[in-house]
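Where a number appears in this text, it was derived from the coordinates with a stated rule and is not lab data. Just so you know, these numbers come straight off a predicted model, no measurement behind them. Cβ coordinates were reconstructed from backbone atoms using ideal geometry, including for glycine residues, and neighbour counts include every protein chain displayed.
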Protein chains: 2
Amino acid sequence: MSKTWTTSGPELHLVLATSGSRRDALESALRSAIRDGRLAAGSRLPSTRALAADLGVARGTVVEAYGQLRAEGYLGARRGAGTWVAALRVDVPRPSRPAAPATRGVRFDFHPGQPDLSAFPRAAWTAALRRGLRTAPDASLGYGDPRGRPELREQLALYLARVRGAVADPERVVVCCGFRHGLSLVCRALQARGAKRVAIEQPCAPPHGAAAAAAGVRLVPLAVDERGARTDLLRRLRVQAAVLGPAHQYPLGVVLQPDRRAAAVEWARASGGVVVEDDYDAELRYDRQPVGALQALAPEHVAYGGTASKTLVPGLRLGWLLLPSELLDPILAFRAVEDVHVPATDQIAFAELLRSGAYERHVRRMRARYRARRDRLVGMLRERAPAVRPLGAAAGLRVLLDLPAHGPSASELCEHAATRSLLLYPVAGRNAVLVGYGALPEHDAAAGLHALCDLLAESY
Amino acid sequence: MSKTWTTSGPELHLVLATSGSRRDALESALRSAIRDGRLAAGSRLPSTRALAADLGVARGTVVEAYGQLRAEGYLGARRGAGTWVAALRVDVPRPSRPAAPATRGVRFDFHPGQPDLSAFPRAAWTAALRRGLRTAPDASLGYGDPRGRPELREQLALYLARVRGAVADPERVVVCCGFRHGLSLVCRALQARGAKRVAIEQPCAPPHGAAAAAAGVRLVPLAVDERGARTDLLRRLRVQAAVLGPAHQYPLGVVLQPDRRAAAVEWARASGGVVVEDDYDAELRYDRQPVGALQALAPEHVAYGGTASKTLVPGLRLGWLLLPSELLDPILAFRAVEDVHVPATDQIAFAELLRSGAYERHVRRMRARYRARRDRLVGMLRERAPAVRPLGAAAGLRVLLDLPAHGPSASELCEHAATRSLLLYPVAGRNAVLVGYGALPEHDAAAGLHALCDLLAESY
């Protein structure tokens, strides 16, 4: 079955496989058209009704396919504004000369998921590597334990118990290449033992949806309100696992409230389900002690994941899992086949950074720095653009700004911002932008926040 | 359909899924029994005839399933000796105290794939990291180019062109987490564009078979004789890709002869097929200049893969691909979803090690060291155990020893060796052992080679 239609860009020729279900065929045709660029970011898709008629399939089939691809991050949608192709987070290959500016024409990049890269403690990291390598046995440089270096797992277990209140046993810690790699390992292990449906917060970080979907499970959107994910609905969704960000939901920034935490745990216990806890930035909490890890409530039902991408830098590609015992072996079996591990050098350096206390000192320093930026931003907003409502500012590197109806829309605001060399990030399905105040280099942070508030004050 | 049978270990209960083909069901039941340890390494499987009768399936079905699992490395077989469960290269989790000896009771581990870990240039690596970090821009520590750091790709392209005669463009270099990760990326990209059957050398490194199979392609064994892989047979095998080790086949150690190289390239050109070139240890060649990379003959048909695991250490998990242009985008699309990358720190350090010339100096030093060990071993064998025939000694870290029929078999020899604290590695399907002389630490190398030759002289 094949069909050509006209998007806002060029015409698209869509070929549906004749084997398998129509919904699968449609999803996979759309995915490859988006991946290989035939459907460019921003292209508007036909309405579900029109496409269903064109292809001769039930409208429900198209609705479900669009929903799945939204959950995977391929599509964006807003009520009344139709469905369009999302900007996939594929970093565009940059020219190979390091001299070329990384972000052409952008002075202030408010990337919502990036910390201040200029703050990476380069000297402390190198010193930790040198100290660690001084005593590391030769065997540490070979094909090692698939869970990661024992000294790092031990330090991580101590750290997670102390700082996140987790029930942490070094034997159940698995070092991985960032949170998303850990999420992929957990989802593949769940799929291998029969999981078919996994709940994922809606909205969520689109790459997480894509990573989970690549494991071969179906994503089931889970609504999020101002009290966190609707874990009270999990039972009804007939899912075998749920990916949650209890401490600081992305992108909304809400904290999962106590009754919702209890509901998640009860659901997992009653159904044998697994919660995947995304604890990506809990250390960076400003207004009070961070909420403890959900994992502590049900260590045998929560696969906990953390990362150094926010506290240090994403370029380290360093994350960790703390696993229910029954997931450990299946995950190690995957690792044995794929053989993808964090280099021994970085594991040795990070273990030494944790052991010496330098890591926690760094986190404290960064927390103070980001809190000052946040206070400044929230204060200026209150004074200069009181109609703009900041959300989720209690933690992390970013704030969500709900925009008033009386001014430019989120996408118009992003366009205005670009003309002033400001990069803002719209939120799918909501008239809001994400402002990553953490991403600015310290020497430019004040100027960046001022430029942003100037723009907002003029607009609303 | 379910069946219990008695292996040389405990009884095994095998449940076949009722959906899908019988062959798939049987393969997958055996794979999970082996993965989760119900079928232990060394267990003997029933004959194909007996199992077919027990399960009520055609004997051909069992023959094909056994063949596939042999190619994937789950099973071993020798003519007349039946089929058994192979020792999967799943590193056994070690206790978490670093003080515990890594290899209990083993004094000389002749691991065939491991270099001398004691030779890792720790100080030079740390110095390269410090120097590299001094000038690396902040942006290098963020979410970077999915191909890897530009300065590393540039250095790798220069190195591959100079040392391996490759046609190397930095834009087509992709930094990955070791060769196997690169192989997995290539196989998944091939599968995504329709490849169904991939030829793999028989015998080969079992983990490579498993990694390729995990990409969802069917493995087709390709025979290897004393002139290298039988690339003249590729056309007949109806495969879309072939994984070859032209410079130094693993484990046999043969070099692909010129007519076989030509046949591989002709096949790829004529059929649009892809050769995956495993160039894991070509720098360590002793008797003459290494044979140039096959990639240079057909850059648009060869996906070239290299690694620092043999020249430096496996614990760095550092490899690289040099790709045909049409494979670049699909592979970057996978990377965008899986988000698994080599840390910026190691990329920066390795780029600086290459730039400064320290890497090539290190390789030269190691080549001299390994050549001395090899000469010593081959000389002692000639004198003390002339019936033992060394193969594939012209390069690399290991030699294959074909054992004479008049003494202990390979598995008996390995057992004798173990009583003397020597760890030797049998070769599946051949009365031979692999001796990794490279793996010994320098201070123990002479003693290890002597202990080995004592054993061989007494045995044959």
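Just rank B:Thr126, A:Thr307, A:Thr345, fewest to most, by other beta-carbon atoms within 10 angstrom.
The most exposed by this proxy come first: B:Thr126, A:Thr307, A:Thr345.
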Problem - Label geometry 7 Å along the beta-carbon vector: B:Arg365 inter-copy distances in nm - result: 3.3
Exercise for the section: Report, for chain A, the % of DSSP beta bridges that are antiparallel, rounded to 5. Expected result: 60 percent
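What does the convex hull of the alpha-carbon atoms of the stretch A:177-297 project to on average, in nm²?
7.0 nm²
Between A:Arg430 and A:Gln289, what FRET efficiency comes out of the Förster formula 1/(1 + (r/R0)^6) with R0 = 35 Å and r the beta carbon distance, rounded to 0.05?
Efficiency computed from Cβ-Cβ geometry: 0.75.
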Practice task
Over all alpha-carbon pairs of the stretch A:293-382, lay out the pair-distance distribution in 10 Å bins, whole %, shortest bin first.
Solution key: 13, 31, 34, 16, 6, 1
Handout entry: P(r) weight above 26 Å for the stretch B:306-460, C-alpha pairs, percent
Key = 44 percent
Exercise for the section: Find the Cα radius of gyration of chain B, compare it with 2.2 N^0.38 Å by division, and give the number to two decimals. Expected result: 1.00
Problem - Sequence of B:Ser32, A:Ser28 once ranked by neighbouring C-beta atoms within 10 Å, starting from the fewest - result: A:Ser28, B:Ser32
Exercise for the section: Name the shape class, rounded, prolate or oblate, that the alpha-carbon gyration tensor gives for the stretch A:234-362, where a ≥ b ≥ c are the square roots of its eigenvalues, rounded holds for a/c under 1.5, and otherwise prolate holds if a/b is larger than b/c and oblate otherwise. Expected result: oblate
Exercise for the section: Mind listing the label-point distances from B:Arg236 to the same position on all other copies, shortest first, one decimal in nm, points 7 Å along Cα→Cβ? Expected result: 6.4
Completion exercise
If each part is reduced to its alpha-carbon centroid, the stretch A:276-355 and the stretch B:157-236 end up apart, in Å, by 32 Å
Completion exercise
Projected convex hull area of the stretch B:261-335, Cα atoms, direction-averaged, in nm², equals 6.0 nm²
Exercise for the section: Could you check how many percent of all C-alpha pairs in the stretch A:377-460 are farther apart than 15 Å? Expected result: 54 percent
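When the Cα atoms of the protein assembly as shown are enclosed in a convex hull and the volume is divided per residue, what value in Å³ results?
Cα convex hull per residue, to the nearest whole number: 162 Å³.
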Practice task
Arrange the following residues from fewest to most other Cβ atoms within 10 Å of their Cβ: B:Thr231, B:Thr311.
Solution key: B:Thr311, B:Thr231
Practice task
Could you calculate, for the stretch A:97-222, the ratio of the Cα radius of gyration to the Kirkwood radius, expressed as Rg to Rh?
Solution key: 1.04
Problem - Spread of Cα-to-Cα distances over 10 Å intervals beginning at zero, given as percent, for the stretch A:255-298 - result: 25, 53, 19, 3
Exercise for the section: Per residue of B:204-213, count partner chain C-beta atoms within 10 Å of its C-beta, then hand back the mean as an integer. Expected result: 1
Completion exercise
Within 10 Å of the Cβ of an average residue in A:146-158, the count of other chain Cβ atoms is 2
Exercise for the section: Compute the label-point distances linking B:Ser271 to its equivalents in the other copies; points lie 7 Å from Cα along Cα→Cβ; give nm, one decimal, shortest first. Expected result: 4.7
Practice task
Determine one quarter of the surface area of the Cα convex hull of the stretch A:152-219, which equals its mean projected area, and express it in nm² to one decimal.
Solution key: 5.4 nm²
Exercise for the section: Would you mind getting the Kirkwood hydrodynamic radius of the stretch A:349-395 from its Cα pairs, rounded to one decimal in Å? Expected result: 12.7 Å
